[in-house]
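*Asks:* After the structure tokens below, expect a handful of questions from me.
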Amino acid sequence: ALIFTSGTAGLPRAARLTHGNTVANIEQSKATGVLRPDDLIYGVLPLFHIFGLNIVMTTGLAIGATVMLVQRFDPHTAAESIVSREVTVIPGAPAMWTAFTHFDELPADTFASVRVALSGASKLPVATFHAMRERFGIEIAEGYGLTETSATVTTSLGAPSRPGSVGRAFDGVEIRLVNQDGHEALVGDIGEIWVRGDNVFPGYHDDEAATSLVLTADGWLQTGDMAVTDDDGFLYLVDRAKDLVIVSGFNVYPAEVEGVLAMHPDVREAGVVGVPHPHTGEAVKAFVVLRDDADVDEETLIEFCLDHVARYKCPSKVMFVDELPRNTTGKLVRRRLDDALSVS
């Protein structure tokens, strides 16, 4: 199969996935023992994306479960389907789960039939995890994967609840974190995620140059994703290496600042990028979508950030917009933030 990458950090590339890659990932997913033949899986993720294809459909059918395909997502009709069909498994992107928490009309028992709630494709805001648990009584299990790994690398399914963690590696998958010096990152230190296993692709279609940049001679995939681990080997995503902002020589990961902004009660969601600055090299610029009836200004949000992160991480400019640019799986496309529609 040729599956295109999401293209959030550049142009999409066609990843070549062999039958062996796909079978390996199916077996790794099945080995968790979480999915059952009597499950009804909510299939709203597009099947041209690796999450929808291999985690939802292919693994679901391999288990013997039923996959209910849904053409598009909105929280109201999704809730109706979940209740009426008694859906048991919901895989989704963070934007979907966040949309549920913002839809005030949903009753507390909307997800009463749901046994497994999964999130992937990008980092799930910790605030969304807590909101889903407190309001609806379900805990979302995060996972991490890429098109180049046939989907899944880690999962928090079956593990003790650790909000913010994408879990530990599947059986048969090796993970290492490599720092800027090319050495193994210490526990708690940021490093780039490297992955090796039978689920790792052989390369990009007709693009040997791009392949050589991500695959080492001994089979390690250099993902470009930054993370830290704890003492128990649980992985915590930080951000994409390409999205790193450097302010006066200090590293700023946009996802951290976005998470802080999302904590403000008037903020629905936020996107952060680096912009040129004559004195500091780069500065942090934020794009914010406000909640309905919000009453907050740029200065207030900057001061709010100062209460939670170092000054150099705080936005120097906040733009209020109607929506953030996302791809088909709901992943934020930061390189398109400047094209976001401004609030009138």
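*Asks:* Give the relative contact order (percent, whole number) for the stretch 1-125; include only Cα pairs under 8 Å separated by 6+ residues.
*Replies:* It rounds to 22 percent for the stretch 1-125.
*Asks:* Counting DSSP beta bridges with both partners in the chain, what percentage is antiparallel, nearest 5?
*Replies:* Roughly 75 percent of the DSSP beta bridges within the chain come out antiparallel.
*Asks:* Among rounded, prolate and oblate, which fits the stretch 1-86 when a ≥ b ≥ c are the square roots of the eigenvalues of its C-alpha gyration tensor, a/c under 1.5 means rounded, and a/b larger than b/c means prolate?
*Replies:* oblate
*Asks:* Determine the per residue accessible area of the stretch 10-76 with all protein chains present and a 1.4 angstrom probe, expressed in square angstrom.
*Replies:* On a per-residue basis, the stretch 10-76 sits at 48 Å².
*Asks:* Contour minus end-to-end for Ala62 and Ala310, with contour as 0.36 nm per residue of separation and end-to-end as the Cα-Cα distance?
*Replies:* 84.5 nm
*Asks:* Here's another thing I want to ask about it. With a 1.4 Å probe and every protein chain kept in, tell me what percent of the accessible surface of the stretch 239-317 is carbon plus sulfur.
*Replies:* Using a 1.4 Å probe with all protein chains present, the stretch 239-317 comes out at 48 percent carbon and sulfur.
*Asks:* With +1 assigned to the C-beta of every Lys and Arg and -1 to the C-beta of every Asp and Glu, and no other charges, what is the dipole magnitude of the chain about the Cα centre in debye, to the nearest 20?
*Replies:* The calculated dipole for the chain is roughly 700 debye.
*Asks:* For the stretch 81-87, just list the computed ³J(HN,Hα) in residue order, Karplus coefficients 6.51, -1.76 and 1.60, θ = phi - 60°, integers in Hz, with x standing in for Gly and Pro.
*Replies:* Result, ordered by residue: 5, 4, 6, 5, 8, 6, 4 Hz.
*Asks:* So if we plug the beta-carbon distance of Asp232 and Ala294 into 1/(1 + (r/R0)^6) with R0 = 41 Å, what FRET efficiency do we get, rounded to 0.05?
*Replies:* Result of the calculation: an efficiency of 0.55.
*Asks:* Moving to a separate point now. Can you sort Asp231, Asp109, Asp322 by 1.4 Å-probe accessible area, starting with the largest?
*Replies:* Asp231, Asp109, Asp322
*Asks:* Still on this structure, please answer the following. Would you mind working out the accessible area per residue for the stretch 276-344, using a 1.4 Å probe, and quoting it in Å²?
*Replies:* 60 Å²
*Asks:* Please express the Cα-Cα pair-distance distribution P(r) of the chain as a list of whole percents, one per 10 Å bin, running from 0 to the bin with the greatest distance.
*Replies:* The calculated distribution, bin by bin, is 5, 25, 34, 26, 10, 1, 0.
*Asks:* Name the residues whose placed amide hydrogens come within less than 5 Å of the amide hydrogen of Ala121, ignoring near sequence neighbours (fewer than 5 apart) on the same chain.
*Replies:* Those qualifying (amide H under 5 Å, at least 5 residues apart or on another chain) are Gly145.
*Asks:* Here's another thing I want to ask about it. So what is the accessible area of the stretch 109-264 per residue, in Å², with the probe set to 1.4 Å?
*Replies:* Result: 43 Å² per residue.
*Asks:* Same structure, new question: Under the definition of Cα pairs under 8 Å and six or more residues apart, what whole-number percent is the relative contact order of the stretch 204-297?
*Replies:* In percent, rounded to a whole number, it is 18.
*Asks:* Also, quick follow-up: Given a 1.4 angstrom probe, I'd like the percentage of the accessible area of the stretch 75-143 that is carbon and sulfur, rounded to a whole number.
*Replies:* It is 52 percent, rounded to a whole number.
*Asks:* Sticking with this structure for a sec: How long is the gain from His102 to Ala1 if the chain were fully straight, where each residue apart is worth 0.36 nm and the alpha carbon distance is subtracted?
*Replies:* 32.7 nm
*Asks:* Continuing with the same structure: Starting from the amide H of Val267, placed 1.01 Å from N in the peptide plane, find each other amide H under 5 Å away whose residue is 5 or more places distant or on another chain.
*Replies:* Those lying under 5 Å, H to H, from Val267 are Arg291.
*Asks:* Related question: What is the sum of charges around Asn21, taking Lys and Arg as +1, Asp and Glu as -1, for the other residues whose C-beta is under 12 Å from the C-beta of Asn21?
*Replies:* -2
*Asks:* Is the shape of the stretch 228-344 rounded, prolate or oblate, going by the alpha carbon gyration tensor and its root eigenvalues a ≥ b ≥ c, with a/c under 1.5 for rounded and a/b larger than b/c for prolate?
*Replies:* rounded
*Asks:* If you don't mind, there's one more thing I want to ask. I'd like to know which of Pro107, Leu157, His264 lies farthest towards the positive end of the charge dipole of the chain, counting +1 on Cβ of Lys and Arg and -1 on Cβ of Asp and Glu.
*Replies:* Leu157
*Asks:* Another one. What FRET efficiency comes out for Met319 versus Asn251 if R0 is 22 angstrom and r is the Cβ-Cβ distance? Round to the nearest 0.05.
*Replies:* Efficiency computed from Cβ-Cβ geometry: 0.45.
*Asks:* Give the carbon-plus-sulfur fraction of the accessible surface of the stretch 147-222 in %, rounded to a whole number; probe 1.4 Å, heavy atoms of protein chains only.
*Replies:* Percent of accessible area from carbon and sulfur atoms in the stretch 147-222: 47.
*Asks:* First select every other residue whose beta carbon is under 13 angstrom from the beta carbon of Gly43; then total the charges, Lys and Arg +1, Asp and Glu -1.
*Replies:* That works out to +1.
*Asks:* So, one more: By how many nm would the segment from Phe48 to Ser161 lengthen if fully extended, with 0.36 nm per residue of separation less the alpha-carbon distance?
*Replies:* 37.6 nm
*Asks:* While we're on this one: For Asp38 and Gln71, FRET efficiency with R0 = 30 Å and r from the beta-carbon atoms, rounded to 0.05?
*Replies:* For Gln71 and Asp38, the calculated efficiency is 0.75.
*Asks:* At a threshold of 8 angstrom on Cα-Cα distance, excluding pairs fewer than six apart, so keeping six or more, what relative contact order does the chain reach in percent?
*Replies:* Rounded, it is 14 percent for the chain.
*Asks:* Roughly speaking, what is the centre-to-centre gap between the stretch 143-176 and the stretch 217-293 when only Cα atoms are used, to the nearest Å?
*Replies:* 20 Å
*Asks:* Related question: Among DSSP beta bridges whose residues both lie in the stretch 259-326, state the antiparallel percentage, nearest 5.
*Replies:* The antiparallel fraction comes to roughly 70 percent.
*Asks:* Something else about it: Could you rank Met57, Met132, Met226, Met263 by how accessible they are, 1.4 Å probe, largest area first?
*Replies:* Met263, Met57, Met226, Met132
The values are calculated or read from the model by the stated rules, or taken from the named source; none is laboratory data. Values in this document were obtained by computation on a predicted structure and should not be read as measured data. Glycine gets a Cβ as well: all are built from the backbone with ideal geometry, and neighbour counts include every protein chain shown. Accessible surface is based on the protein model in full, side chains and every heavy atom, while ligands, DNA and RNA are left aside. Shrake-Rupley method; radii C 1.70, N 1.55, O 1.52, S 1.80 Å.
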